Amino acid sequence: MDFTAELKRHVARVERGLDQFVPRADTRPSRLHTAMRYSLEAGGKRLRPVLLVATAELFGTRDDSPLAAGKADALAAAVALECVHTYSLIHDDLPCMDNDDLRRGRPTAHKQFDEATALLAGDALLTHAFALLGENYPDPLAATLVRELANAAGSRHLIGGQMEDLLAEKKSDATPDELEFIHLNKTAAMIEAALVMGGLIGQANEDAITTLRRAGRHLGLAFQIVDDILDATSDTATLGKTAGKDLKAGKTTFVKLHGLDASRRFAQTNTQSAAEALRTLPGDASFLTWLGTSLGSRPK
Ligand code: GRG
């Protein structure tokens, strides 16, 4: 399989889905819908939605697959996940949080529009995600997907991870346990949700869902460790967001706690654990494994 071509196919499909499932910019109030699309369309790797559709395909949901009969299409859920992810980025960049000027290579939403519009665009993307799940999936699948996404994005995971991150930033000396909580929840939970939601849409059995959870958690941890490494070693132009910010702020990261070499080893170990879990799934998980592995050497 040509994995790079496969990745391009998935990304192109996700981009079309974003256009299809998000209200047009001229929908009233146009300023709000323009801001929502501004942040969504700024690019981004589309990692989470690609993981979701690729996992669903692993269980036979591809439109032209003979296995697809009776299975739901994964695209609306992939868009929902990217909407939640983009909301979290918009809010993370606000002056009351990370106060950043650059995201996905463009001025952040509050710089391009204003703080109130950015706040509302984030709120609207978050809300829209759940409308998409409710509108595009039959019961009981819709309820299961809503529960999975709400849990991953909620106070015990994404938002909880962000809260502990803000608290840890103030004291500049987070413990390894606090750092693990932050990474598992702020980053890994949404990556875990990508794999699990894909599996749910593909009607994966309970054992497979448990395996997807484990793989997602390891992938998420590896992804965050590499994010910390890139913050310390890359530059703003390549990343499309401010580089060196964590170090400058004295923030505790994997790199600060363990050093670059150990961080690289830690990322590799987690990638391998994810690959081992994926190998036990029915079907050909080689694309997912390749994608997970390539995240370790990603430039941004
Ligand atoms: C405001 C509730 C709330 C949460 C914010 C996403 C987030 C939590 C903070 C952003 C800062 C950060 C380093 C988060 C860790 C997860 C991460 C690396 C997000 C960036 O994801 P990418 O690299 O971004 O997939 P793109 O732009 O490629 O989609």
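The values are calculated or read from the model by the stated rules, or taken from the named source; none is laboratory data. Not measured: the values here are computed from a predicted model. Here Cβ is always computed from backbone atoms with ideal geometry, including for glycine, and neighbour counts include all displayed protein chains. Each accessible area value is taken on the protein alone, full model and side chains, heavy atoms only, with ligands, DNA and RNA left out. Shrake-Rupley method; radii C 1.70, N 1.55, O 1.52, S 1.80 Å.
Let me have the relative contact order for the range 135-280, percent, based on Cα pairs under 8 Å that are six or more residues apart.
That works out to 24 percent.
In Å², and per residue, what accessible area does the range 3-296 have when probed at 1.4 Å with the other protein chains present?
44 Å²
Using θ = phi - 60° and the Karplus form 6.51 cos²θ - 1.76 cosθ + 1.60, what ³J(HN,Hα) does each residue of the range 143-152 get, whole Hz, x for Gly and Pro?
5, 5, 5, 4, 4, 5, 6, 5, 5, 4
For the range 222-300, calculate the relative contact order in percent as a whole number, restricting contacts to Cα pairs under 8 Å that are 6 or more residues apart.
Here the relative contact order equals 38 percent.
Just flag the trypsin sites (Lys or Arg not before Pro) in the range 150-200 sitting in loop per DSSP whose Cβ has no more than 16 other Cβ atoms within 10 Å. Show your work: numbers first, answer last.
Numbers: sites: ARG156, LYS170, LYS171, LYS186; in loops: ARG156.
Sites meeting the loop and neighbour criteria: ARG156.
Do any trypsin sites (Lys or Arg not before Pro) in the range 192-279 lie in a DSSP loop with no more than 12 other beta carbon atoms within 10 Å, and if so, which?
Nothing satisfies the criteria.
Got the relative contact order for the chain handy, in percent, Cα pairs under 8 Å and 6 or more residues apart?
Result for the chain is 18 percent.
On full extension of the chain, what length is gained from SER234 through ALA249, given 0.36 nm per residue of separation minus the C-alpha to C-alpha distance?
3.8 nm
For LYS111 and GLU164, compute 0.36 nm times the residue count separating them, minus their Cα-Cα distance, and round to one decimal in nm.
16.5 nm
Excluding residues on the same chain fewer than 8 positions from LYS248, give the lysines whose Cα lies under 25 Å from its Cα.
Reachable lysines: LYS111, LYS170, LYS171, LYS186, LYS256, LYS300.
Is the C-alpha gyration tensor of the chain telling us rounded, prolate or oblate? Criteria: a/c under 1.5 is rounded; beyond that, a/b larger than b/c is prolate, otherwise oblate.
Oblate shape, in that a/c is at least 1.5 and b/c is the bigger or equal ratio.
Using a cut-off of 15 Å between alpha-carbon atoms, which aspartates and glutamates can reach LYS245, once sequence neighbours fewer than 8 places away in the same chain are excluded?
Straight-line reach from LYS245, under 15 Å: ASP92, ASP93, ASP98, ASP100, ASP101, ASP165, GLU169, ASP227, ASP228, ASP231, ASP235.
Which value, in Å² and to the nearest 10, is the accessible area of HIS183 when all protein chains are kept and the probe is 1.4 Å?
Here the residue's solvent-accessible area equals roughly 10 Å².
Using only DSSP helix segments of four residues or longer, with each worth -39500 (n - 2.57), what per-residue ellipticity at 222 nm results for the chain after dividing by its residue count and rounding to 500?
It comes out at -21500 deg cm²/dmol, rounded to the nearest 500.
Just flag the trypsin sites (Lys or Arg not before Pro) in the range 1-93 sitting in loop per DSSP whose Cβ has no more than 12 other Cβ atoms within 10 Å.
The qualifying sites are ARG24.
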